[in-house]
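Data block below; observations after.
Here, each number is a calculation from the coordinates, and none is a lab measurement. Small disclaimer: the values here were computed from a predicted structure and weren't measured. Here the Cβ positions follow ideal geometry from the backbone for every residue, glycine too, while neighbour counts run over all protein chains shown.
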Amino acid sequence: MGIVERKNLLRAEALHKEYLMGKDLRLHVLKGLDMEVKEGEITVIIGPSGSGKSTLLHILGGLDRPTSGMVAVDGNELSLLGEEELAAFRNRTLGFIFQFHHLLPEFTAMENVAMPALIRGDRLQAAEERAVELLQEVGLGERTGHKPSELSGGEQQRVAVARALMNDPRLILADEPSGNLDEENSQKLHQLLSDLAHKRGLTFVIATHNLDLTKRAHRVLQLVDGKLVTGLRSLT
């Protein structure tokens, strides 16, 4: 049997992003950036702080609009979607993991994980049952009833990972997911993301300055002067 060619899940073309910093001063962060990500790939984007990694992920995930250029995810061009359509698309197609977990402090781990499904309109019981299953999968089966303040930093980020998986996303975008963790918990989180990617065939785009994640990637890209170049290694 021949090798099955993976199809492109994400495509970005000629992305520019400028910020107006004053009356006549513009900060040009992305400068004609192109990018493709295939299904089932772990793509890691490296670069120093301030290079535009977060800006790029926000644009790829439809959380921000480019100044010009095109992003398509799963065949859907994001610029053609209105705000409500885009919000619904993000909810059902994308998962997000941030450096700061953004858990709702008044809700339990299970309730936080269930939230994307409830926003989608799923029944409460079904959403809660799936949330418990996902928390078990990330090693927090005994912490479902705990609020974020009762969890360690590593546990909070695992809750955020489970939440990102809640609606079976086609693509997960992670922005410095271990940036707030110590080395031991960073290693555990990286292993979890790698295991989930291989077990579920998930597609990840991860922005990081942690080189440990590059060892687990199919492709490593470096953000240099507003464009992506081949990084430390490529496994595909």
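Worth a mention:
- Principal axis dimensions, segment 111-178 - Cα atoms, whole angstrom, descending: 30, 27, 18
- Against the chain, whose longest principal axis is taken from its Cα atoms, helix 124-137 shows a tilt of about 80°.
- Projecting the Cα atoms of A197, A109, M35 onto the dipole axis of the chain, where Lys and Arg carry +1 and Asp and Glu carry -1 at the beta carbon, places M35 farthest toward the positive end.
- Annotation for L104 and E133: the two label points, set 7 Å from Cα along the Cα-Cβ direction, are 2.2 nm apart.
- Of interest is the spacing of the C-alpha centroids, which for segment 146-199 and segment 63-102 amounts to 20 Å.
- The relative contact order of the chain comes to 28 percent, based on Cα pairs under 8 Å that sit 6 or more residues apart.
- Ranked by the mean number of other Cβ atoms within 10 Å per residue, highest first, peptides 76-87, 177-188, 144-155 order as 177-188, 144-155, 76-87.
- The chain: angle of helix 109-120 to the longest principal axis, Cα-based, in degrees nearest 10: 60
- Cα pair distances in segment 78-133, grouped into 10 Å bins until the bin that holds the longest one, percent each: 21, 46, 28, 5
- Within the chain, helix-based [θ] at 222 nm, where runs of 4 or more DSSP H residues each add -39,500 (n - 2.57), nearest 500: -10000 deg cm²/dmol
- Percent breakdown of C-alpha pair distances by 5 Å bin, ordered from the shortest bin, for segment 155-236: 3, 13, 26, 26, 18, 11, 3, 0
- Net +/- balance of residues flanking Q187 in space, Cβ distance below 14 Å, scoring K and R +1, D and E -1: -1
- Neighbourhood charge, 13 Å Cβ-Cβ cut-off, centred on E83 and excluding it, Lys, Arg +1 and Asp, Glu -1: -1
- Positive-end extreme of charge dipole, segment 135-236 - chosen from V138, G153, N180 (charges on Cβ): V138
- Annotation: Cα Rg of segment 15-88 relative to the compact-globule expectation 2.2 N^0.38 Å equals 1.19.
- With contacts taken as Cα pairs under 8 Å at a separation of at least 6 residues, segment 138-222 carries a relative contact order of 30 percent.
- Acute angle (nearest 10 degrees) that the helix 153-165 long axis makes with the longest principal axis of the chain, alpha-carbon atoms: 80
- Taken over the chain, lysine pairs spaced eight or more positions apart, or on distinct chains, with alpha carbons under 13 Å apart number 7.
- Base-10 log of normalised Debye intensity for segment 63-202 (one unit scatterer per alpha-carbon) at q = 0.10, 0.12, 0.21 Å⁻¹: -0.34, -0.49, -1.32
- Once the Cα gyration tensor of the chain is diagonalised, semi-axes √(5λ) in Å: 28, 20, 19
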